[in-house]
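J.: Here it is, the structure, as C-alpha cells.
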Amino acid sequence: MRPTGKLHLGNYMGALVNWVKLQDQYECYFFIADWHALTTDYADTSQIARNTLDVMLDYLAAGLDPARSVLFLQSKVLQHAELNLLLGMITPLGWLERVPSYKEQQENLVGKDLSNIGFLDYPLLMASDILIYQPQFVPVGNDQTAHVELTREVARRFNQFYKLAVADKLDGQEVLPEPQVLLTPSPKLPGTDGRKMSKSYGNTILLTDPEPVVSQKLKTMVTDPVRIRRTDKGDPDKCPVGDLHKVFSTPETLAKVYDGCRSAGIGCIECKGWAADALVQVLQPIQARRAGFSESQAIEILEEGSNRARIRAEQTMVEVRAAMRMTLTTPAAQ
Ligand code: SF4
C-alpha cells in the first residue's frame, strides 16, 4: 500500500483482512510502497515519513504479524530499483502506455502533472516489487488483475531473452517465474457519499476513528434517494448504508433493516445507529491492537523486516545479474 494517509475500512475489507488470513497458509511479504507514493506526490514529500508510520501501525493493528510475515519498506530494499531499471530495458513503452489506470488517473487527478517518467513507470516498478521475491502468488482484488498480467508478460519476456544463459545454472528453471493471481474477496464498500470508499474522495471511515467520529460520519451518510420523509418506504439495496449492513451486520440486524426500511417501520437515523454499532464492533479490536505498539516499535519492526526482505531480494538479483551476464568475469568464463 502507498503511504498516502491512515488506512480506512475499504483498505481493511479489500486487502488487509485477506492478508491476515494468508499468513497462516503462505510465506508472505507485505510492504509499504513509499516510492510509489512519489509517482504522484513528488512535489510535496513532507508527509511520506509520517504516513509510512501510520500505515505500519495500521498493518500491525489489523493483525499482520512480523513473526510470520515479512513487513518492510520498499525504499529500504534497493534491489527493487535495480530490477526496475533492468526490466525497463526490455519493456516496450506501449505496454505501459496502455495500462488503463495511466490515462484514467491523468484525467482524474486534476491539479497534478502526471506526465513524469515515474508515473508512467509505476506498473513496471510494481512488476519489479513482485518478481524480486520470485513468488507463486500475488493476492489481489479483481481491479488489480491487469497489473499482475503485465507482470507476467514482463517475466515471460525476460525469461525468453535470458533463458539460455541460466539453463545450466538453474536446472532449466526460469529466473523470474510467472506469478499467479490469488483472487481475494473485496466486497463493495461505499464511503459516506455513496461512492467507493477512497481517500481521494474524502469519504472514508478510518481504522483509527473513535466511536463518536464513526457515528457522526454515519449520520451524514447518503441514503436511498427516494426515502426523503420518515414515512417514505426505501430499499436497502439502493442505499449505501444498506451496503454497509450487508458487509458488517449480523443476519438478524440485516433482516430488521430490510423489513423496517421497506415498510417505513424504522427511520434512517435508527438504521444508521445500527450500522455504526456494527462498524465499531469491527474497529474496536483493531484499535486495541494498535494501542499495543509504540511508534519506535513499529520502526524497529519495519527495519528488521526490510533487512529480511533485502536478503531474499538479493538472492533473486544474483540470478538476474548472472542471467543477463551483468557480472565481472573474463569473456572466456561466460
Ligand atoms: S432505513 Fe437504512 S437502508 Fe433504508 S434508506 Fe434509511 S439508511 Fe438506507
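The values are calculated or read from the model by the stated rules, or taken from the named source; none is laboratory data. None of these values were measured; they are calculated from a predicted model. Because the Cβ atoms are built from the backbone with ideal geometry, glycine has one as well, and the counts that use them run over all protein chains shown. Please note that ligands, DNA and RNA were not included when accessible areas were found on the heavy atoms of the full protein model with its side chains. Shrake-Rupley method; radii C 1.70, N 1.55, O 1.52, S 1.80 Å.
J.: Keeping to the range 147-160, report how many residues are surrounded by 16 or more Cβ atoms within 10 Å (Cβ to Cβ) and touching a residue at least 24 places away in the same chain (Cβ under 8 Å).
T.: Of the residues in the range 147-160, 9 are surrounded by 16 or more Cβ atoms within 10 Å (Cβ to Cβ) and touching a residue at least 24 places away in the same chain (Cβ under 8 Å).
J.: Within the range 227-240, identify whether any single residue is aliphatic (A, V, I, L, M) and either more than 13 Å from the ligand (Cβ to nearest atom) or modelled with pLDDT of 95 or more (or both), and answer yes or no. Break it down into steps so the answer makes sense when it comes.
T.: Going residue by residue through the range 227-240, those that are aliphatic (A, V, I, L, M) are 228.
Then keep just the ones that are either more than 13 Å from the ligand (Cβ to nearest atom) or modelled with pLDDT of 95 or more (or both); that gives none.
No, the range 227-240 has no match at all.
J.: Would you point out which residue out of Arg312, Arg290, Arg308 is within 14 Å of Asp209 (Cβ to Cβ) and modelled with pLDDT of 95 or more?
T.: Checking each option against the conditions leaves just Arg290.
J.: For the range 1-106, give me every one of the helices (runs of 4 or more DSSP H) that falls completely inside it and has 2 or more residues that are over 23 Å from Leu182 (Cβ atoms).
T.: Hits in the range 1-106: 34-41, 48-62, 79-90, 93-97.
J.: Identify, please: which residue in the range 265-282 is out of contact with any helix residue (DSSP H, G or I) (no Cβ under 7 Å at 6 or more places or on another chain) and either open to solvent by less than 20 Å² (accessible area, probe 1.4 Å) or free of Cβ contacts under 8 Å to residues at least 24 places away in the same chain (or both) and is, among those, farthest from the ligand (Cβ to nearest atom)?
T.: Asp277
J.: Mind checking whether some residue in the range 71-94 is farther than 30 Å from Pro285 by Cβ and of a type in the set (Phe, Trp, Tyr)? Give the derivation first.
T.: If we filter the range 71-94 for residues that are farther than 30 Å from Pro285 by Cβ, which is where we start, we get 75, 77-94.
In the following step, the residues that additionally are of a type in the set (Phe, Trp, Tyr) were identified as none.
For the range 71-94, residues farther than 30 Å from Pro285 by Cβ and of a type in the set (Phe, Trp, Tyr): absent.
J.: While we're here: Could you pull out the residue among Val99, Val70 that is touching a residue at least 24 places away in the same chain (Cβ under 8 Å), in contact with a strand residue (DSSP E or B) (Cβ under 9 Å, 6 or more places away or on another chain) and open to solvent by less than 20 Å² (accessible area, probe 1.4 Å)? Reasoning before the result, please.
T.: Details: Val99 fails: in contact with a strand residue (DSSP E or B) (Cβ under 9 Å, 6 or more places away or on another chain).
Answer to the selection: Val70.
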